[in-house]
Amino acid sequence: MKVVITGGAGFIGANLASRLESEPGIDEVIAFDDLSSGCRENLDGTGATLVEGTILDVDALGDVTTGADAIVHLGARPSVPRSIKDPVASHNANATGTMNVLEAARRSGNAHVIVASSSSVYGANPTLPKHEGLATRPMSPYAASKLATESYTLAWQAAYDLPALAFRFFNVFGPLQAAGHAYAAVIPAFVSAALADEPLQVHGNGTQSRDFTYVDTVCSVITDALNRRVSDPEPVNLAFGSRTNLLEVIALLEELLGRELKIEHTESRPGDVPHSQAANDRLMALFPDVEPVDLRTGLSTTIEWFRATQG
Ligand SMILES: NC(=O)c1ccc[n+]([C@@H]2O[C@H](COP(=O)([O-])OP(=O)(O)OC[C@H]3O[C@@H](n4cnc5c(N)ncnc54)[C@H](O)[C@@H]3O)[C@@H](O)[C@H]2O)c1
């Protein structure tokens, strides 16, 4: 099977490339990435071929997806605050870019398409846990563009019989996740600061909670979806119904590192949702064998990776 991963040089994409390398049914993995937030080094040792290009370039996308059996579409301009600063760029990459990928899949003879949407689509809807039947209420251009990602995908499935699966990722974390930039996700930012003995920046009071998912678990589910060519007419939450607030994450890090950490509280960020927790009935019905890595184990591996790479 030939698999193209858009955004394949990013955090989740490169972890997936590494995972697919040892998968018996997968012969070729191509990472298609413009390297705007991903990097070449993430693919070292994965066996994947990096093709540098943007999903906004229809011809380049067409070339790379010719003969593809599956496309895992992770390429996107991530981050809520980044989208608030430049909403048009988020729309272009996440909405228009997705439509280009779907058209490329159609031209390639209906490759199986798996796309990454986001829990941020639930936005201002306060109901917990978040089940896929809830009304979506995006609170940021990023969330709206991710709703477009999944809506286009499921519409292409309905209109053109494109075999497709739209996952709503929650807060994914693990090795290869970048920490050293203004839009870093919370776990890499915390781990990196803790190891450098710097204060952990907590936006607001730290009681905001998230359903953290270790990246290996996400890759296991995607790999299973590829192998069994799983498709679904509805979006599917990819998380396991846990809910941990930031102060609890810090307490766990303190336990794992064996010392107290410095904390600095800063302003809450616009567009951030207060709480997030997935209902996972649909996920478990489609992927009954998946066994998630727990938060403590995932954090411990993440700390080891940061120790090894941060020096
Ligand atoms: N990490 C999470 O917690 C999380 C949560 C919800 C959804 N997601 C989604 O999962 C996907 C992967 O996220 P990630 O955390 O690995 O982020 P990432 O930034 O590490 O990966 C995104 C990749 O897409 C590439 N990219 C951006 N614009 C592109 C373009 N125009 N053409 C080609 N490549 C482009 C980047 O260079 C990067 O390598 C994204 O679609 C993101 O929206 C992630």
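For region 21-53, a residue qualifies if it is closer than 26 Å to H91 by Cβ, touching a residue at least 24 places away in the same chain (Cβ under 8 Å) and surrounded by fewer than 19 Cβ atoms within 10 Å (Cβ to Cβ), and the qualifying residues are L35, S36, C39. Selection of region 54-66 for residues being surrounded by fewer than 18 Cβ atoms within 10 Å (Cβ to Cβ) and outside any helix (DSSP H, G or I) yields L56, D57, T66.
Give me the residue from region 1-35 that is assigned to a strand (DSSP E or B) and either under 14 Å from V215 (Cβ atoms) or among the β-branched types (V, I, T) (or both) and, out of that set, nearest to the ligand (Cβ to nearest atom). Reasoning before the result, please.
Taking region 1-35 as the starting set, the residues that turn out to be assigned to a strand (DSSP E or B) are 2-6, 28-33.
Filter once more, so that each one left must be either under 14 Å from V215 (Cβ atoms) or among the β-branched types (V, I, T) (or both): 3-6, 29-30.
Values: V3: 15, V4: 11, I5: 9, T6: 6, V29: 15, I30: 12 Å.
Going through the qualifying residues, I end up with T6.
Of everything listed in (1) farther than 18 Å from A116 by Cα; (2) exposed (fewer than 15 other Cβ atoms within 10 Å of the Cβ); (3) at pLDDT 95 or above, the single unmet condition for R229 is (1). Among the residues of region 72-94, those that are among the hydrophobic types (A, V, I, L, M, F, W, C) and surrounded by fewer than 20 Cβ atoms within 10 Å (Cβ to Cβ) comprise I84, V88, A89. Give the number of residues within region 266-285 that are of a type outside the set (D, E), in contact (Cβ under 8 Å) with a residue 12 or more places away in the chain and out of contact with any helix residue (DSSP H, G or I) (no Cβ under 8 Å at 6 or more places or on another chain). Total satisfying the criteria: 8. The single condition among (1) surrounded by fewer than 18 Cβ atoms within 10 Å (Cβ to Cβ); (2) in a loop (DSSP other than H, G, I, E, B); (3) touching a helix residue (DSSP H, G or I) at 6+ places or on another chain (Cβ under 9 Å); (4) modelled with pLDDT of 95 or more that P175 does not meet is (1). If you go through region 193-218 and keep only what is within 15 Å of the ligand (Cβ to nearest atom), surrounded by fewer than 21 Cβ atoms within 10 Å (Cβ to Cβ) and assigned to a helix (DSSP H, G or I), you end up with D216, T217. Selection of first residues in region 292-311 that are under 17 Å from L246 (Cα atoms) and of second residues that are of a type in the set (G, A, S), restricted to Cβ pairs under 7 Å at least 6 apart or on distinct chains, gives the following pairs, ordered by first then second residue: L295/S242; G298/G174; T302/G174.
The values are calculated or read from the model by the stated rules, or taken from the named source; none is laboratory data. Keep in mind the model is a prediction, meaning the values are calculated, not measured. Because the Cβ atoms are built from the backbone with ideal geometry, glycine has one as well, and the counts that use them run over all protein chains shown.
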